[in-house]
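Here the structure comes first, spelled out in structure tokens, and everything after it is commentary.
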Amino acid sequence: MRRSILPSAYRDDDSADAQFHVDHDAEDVAARWEDAQSLSADVETLHRTGCISMNPEMTQRWLRTVNALRGMMAARLGIIDQVTADEVARAAREELGAEEECVYEWLGLVVEVLVEVELSE
């Protein structure tokens with residue numbers, strides 16, 4: 001699961017990759033946590049008021065957070081490419097892990113909407 005949250009920086013060099021993670025993981029996790037906390041506050045505002053105004057910084061924060069969640073769902077479902085994504089979708093249609101696959105697909109739709117919002121800003 002760690003690799004879905006903090007992917008390899010140097011896939012062909014284990015030593016360089018390990019050093020990169022020693023140097024950067026704490027700040028990356030802190031940044032992701034800050035993004036998630038901000039998104040949570042945005043959702044609370046949305047729940048309370050019925051709307052929120054997106055600005056470019058907010059859209060980027062949402063994109064980073066939703067993409068991270070989708071990456072974690074992909075790792076949990078075993079999705080590594082389009083072939084495995086199709087296999088998981090097929091299994092979900094047969095009711096094997098349907099809820100998780102639905103969340104994965106929904107997060108993908110959220111990303112699409114956020115990209116459209118960003119392009120319109």
Exercise for the section: Give the residue that is surrounded by the most Cβ atoms within 10 Å (Cβ to Cβ), with candidates limited to residues of the stretch 96-121 that are over 20 Å from Leu39 (Cβ atoms) and touching a Leu at 6+ places or on another chain (Cβ under 9 Å). Expected result: Glu101
Handout entry: Residues of the stretch 21-63 satisfying the condition of being assigned to a loop (DSSP other than H, G, I, E, B), without any contact (Cβ under 8 Å) to a residue 12 or more places away in the chain and not hydroxyl-bearing (Ser, Thr, Tyr)
Key = Gly50, Cys51, Ile52
Practice task
Just need a number here: residues in the stretch 72-95 that are buried (at least 18 other Cβ atoms within 10 Å of the Cβ) and either assigned by TED's automatic domain parsing to the domain that holds Ala30 or within 12 Å of the chain's Cα centre (by Cα) (or both).
Solution key: 2
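The values are calculated or read from the model by the stated rules, or taken from the named source; none is laboratory data. Values in this document were obtained by computation on a predicted structure and should not be read as measured data. Neighbour counts are summed over all protein chains in view; Cβ atoms, including those assigned to glycine, are modelled from backbone coordinates with ideal geometry.
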